[in-house]
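**Student:** Attaching a single structure in structure tokens format; questions to follow.
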Amino acid sequence: MFNKILIANRGEIALRIVRACKEMGIETVVVHSTADANGMAVRMADESVCIGPPPARQSYLNIPAILTAASLTNADAIHPGIGFLSENEEFCRMVEEHGFTFIGPTPEHIAKMGDKAVAKETMRALGLPLIPGSPGVVKDADEGLKIAKDCGFPVLIKAVAGGGGKGMKVSHNEEDFKASFSMASNEAKAAFGNGDVYIEKYLSHPRHIEVQVIGDTHGNAVYLGERDCSVQRRHQKVIEEGPSPILTPEQRKYIGELAAGCIRKMRYRGVGTMEFLFEDGKFYFLEMNTRLQVEHSITEMITGVDLVREQIMVAAGQKLPFKQENVKFMGHAIECRINAEHPETFIPSPGKITRYHAPGGLGVRVDSALYDGYTVPSTYDSLVAKLIVHAKTREEAMMRMERALEECVIEGIQTNIPLHLRILQEPEFRAGQFNIHWLEKMLGGKQDENKKVAS
Ligand code: ADP
């Protein structure tokens, strides 16, 4: 087992990893930018190293600085957290070449799943159903148009290197296709340095359902149930829950076994998420994330499995301590992502926290790096807290979430707590009847999809 782990991340996820390490008796080093010198994870870690100025490119994405910090502090392994370098093949390779263990999958698996067109082809070959569309990268707009006509409009033009809902454009008809195609490609080139795109049929009322999987280096692979992440804005998750209110036990078992079977065949090591769209009773593979997810806490609450702990254990070469038949699902969990943003305009709201009180009580979990007097920097993601509740039933979980949101005090900045409370009041949400487009419709009718995605 490792003696010391370096955490190359910030905010709540860096703190989440520090917490797991402490409980495992592993020492921690947190690297940080100058903007995060007073971060909670930095305070809680055994050691910290400042690796650069606020822009991520010069700090959290600065591979030589991170490797130097790992050498200087004698770390054995590096945990990349979420975002930043967590799905960067080159980083993973360099970490291992320098004699550290990367807490995550192999660079080959990261590369394969990081290119969405290659990921889809890999999963098709392993037996997963795909959304109709191009078999791989589309070379130009003419070829794209032919494929779009074959699968029928509307279609979605997506960046192979895409992530976080970026680099996607909807095309509704032949007339707007070429403009949407070049917009998607240009945006992808600017955001990811790779303008390659592929095409999918744009599904009109799917749910986003993802399966948590974990594999070890001894050939074991299990699934830990699903999370329903259909409450989205601009293709980004706002509320997640598990289990999905609409899956039957048979559908859960079917997709879980299929997902676990794929990673077993791939000999995948680490935690991962297989994302699917689910429409009219059918699953369609979307992508695989080869890392921990923000919403992993949902799975932890309904299975009792500490995913970060298990992730560290399998990275250290240990066998998974449970088999599929030992995984039991208990009750219902909901997570609200609390962002530092205006609840109606969604304009980011960084600044100093003048008063903070976290909710508590039975079945309430808050994963956050906030504290009284902390200043939320403007440079990074606006997620400041994850509020997770667990209860016996979905109905009880919703009541508990409302109660916990009302208890939560975050002053000095604006947050989207009022939006969460509003969603929880909606009869369709309460009935579990929503799809990936529902929240945006609730927020004010159908605007032009491309405007929303582009802005
Ligand atoms: P990213 O990696 O940027 O998050 P994904 O491929 O995972 O991109 O898709 C993100 C979200 O975009 C999905 O959860 C869904 O809401 C929407 N989406 C993606 N593909 C389609 C599609 N073919 N039809 C309709 N919506 C889609």
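**Student:** Among the residues of segment 92-111, write down those that are touching a residue at least 24 places away in the same chain (Cβ under 8 Å) and assigned to a helix (DSSP H, G or I). Walk me through how you get there before you give the answer.
**Tutor:** First, pick out the residues of segment 92-111 that are touching a residue at least 24 places away in the same chain (Cβ under 8 Å): 94-95, 98, 100-106, 109-110.
Within segment 92-111, 94, 95, 109, 110 qualify.
**Student:** What are the residues in segment 190-236 that are on the phi > 0 side of the Ramachandran plot and either assigned to a strand (DSSP E or B) or not assigned by TED's automatic domain parsing to the domain that holds residue 307 (or both), if any?
**Tutor:** Taking segment 190-236 as the starting set, the residues that turn out to be on the phi > 0 side of the Ramachandran plot are 193, 219, 225, 234-235.
Result: 193, 225.
**Student:** Here's something else I'd like to know. Quick check on segment 168-214: of everything there that is of a type in the set (Ser, Thr, Tyr) and near the ligand (Cβ under 9 Å from one of its atoms), which residue is surrounded by the fewest Cβ atoms within 10 Å (Cβ to Cβ)?
**Tutor:** From segment 168-214, those of a type in the set (Ser, Thr, Tyr) are 171, 180, 182, 185, 198, 202, 204; that's our starting set.
Next, from what is left, pick out any that are near the ligand (Cβ under 9 Å from one of its atoms): 202, 204.
Values: 202: 21, 204: 10.
Looking at the filtered set, the residue picked out is 204.
**Student:** What are the residues in segment 141-189 that are assigned to a strand (DSSP E or B) and not aliphatic (A, V, I, L, M), if any? Lay out the reasoning, then the answer.
**Tutor:** Going residue by residue through segment 141-189, those that are assigned to a strand (DSSP E or B) are 155-163, 166-171.
Hits for segment 141-189 are 158, 162, 163, 166, 167, 169, 171.
**Student:** Follow-up. Say whether the condition of being under 21 Å from the mean Cα position of the chain (by Cα) and either outside the structural domain of residue 17 (by TED's automatic domain parsing) or in contact (Cβ under 8 Å) with a residue 60 or more places away in the chain (or both) is met by at least one residue in segment 404-416. Break it down into steps so the answer makes sense when it comes.
**Tutor:** Narrowing segment 404-416 to residues under 21 Å from the mean Cα position of the chain (by Cα): 415-416.
Applying the additional criterion that residues be either outside the structural domain of residue 17 (by TED's automatic domain parsing) or in contact (Cβ under 8 Å) with a residue 60 or more places away in the chain (or both) yields 415-416.
So far as segment 404-416 goes, yes, one or more of its residues are under 21 Å from the mean Cα position of the chain (by Cα) and either outside the structural domain of residue 17 (by TED's automatic domain parsing) or in contact (Cβ under 8 Å) with a residue 60 or more places away in the chain (or both).
**Student:** Tell me, please, whether a residue that is among the basic types (Lys, Arg), surrounded by 18 or more Cβ atoms within 10 Å (Cβ to Cβ), in a helix (DSSP H, G or I) and modelled with pLDDT of 95 or more can be found in segment 244-256.
**Tutor:** Our first condition is that a residue be among the basic types (Lys, Arg); within segment 244-256, this holds for 252-253.
Retained after the next criterion (residues that are surrounded by 18 or more Cβ atoms within 10 Å (Cβ to Cβ)): 252.
Narrowing the set further to residues that are in a helix (DSSP H, G or I) leaves 252.
Retained after the next criterion (residues that are modelled with pLDDT of 95 or more): 252.
Within segment 244-256 (the criterion being among the basic types (Lys, Arg), surrounded by 18 or more Cβ atoms within 10 Å (Cβ to Cβ), in a helix (DSSP H, G or I) and modelled with pLDDT of 95 or more), the answer is yes, since at least one residue qualifies.
**Student:** Separate question: Pick out the one residue from 443, 439 that is within 16 Å of the ligand (Cβ to nearest atom), among the aliphatic types (A, V, I, L, M) and surrounded by 18 or more Cβ atoms within 10 Å (Cβ to Cβ).
**Tutor:** Details: 443 fails: surrounded by 18 or more Cβ atoms within 10 Å (Cβ to Cβ).
Being within 16 Å of the ligand (Cβ to nearest atom), among the aliphatic types (A, V, I, L, M) and surrounded by 18 or more Cβ atoms within 10 Å (Cβ to Cβ) holds for just one of 443, 439, which is 439.
**Student:** Name the pairs whose Cβ atoms lie under 6 Å apart, with the first residue in segment 44-56 and under 18 Å from residue 15 (Cα atoms) and modelled with pLDDT of 95 or more, the second of a type in the set (D, E, K, R) and assigned to a strand (DSSP E or B), and 6 or more positions between them or separate chains?
**Tutor:** These pairs meet every condition: 46/27.
**Student:** Considering only segment 1-86, give the strands (runs of 3 or more DSSP E) lying wholly within it that have at least 2 residues that are farther than 21 Å from residue 292 by Cα. Steps first, please.
**Tutor:** Details: elements: 4-7, 27-33, 47-52, 77-79.
Answer list for segment 1-86: 47-52.
The values are calculated or read from the model by the stated rules, or taken from the named source; none is laboratory data. In this text the structure is predicted, and so the values were computed from the model without any measurement. For neighbour counting, all protein chains shown are included, and Cβ atoms are generated from backbone atoms with ideal geometry for every residue, glycine included.
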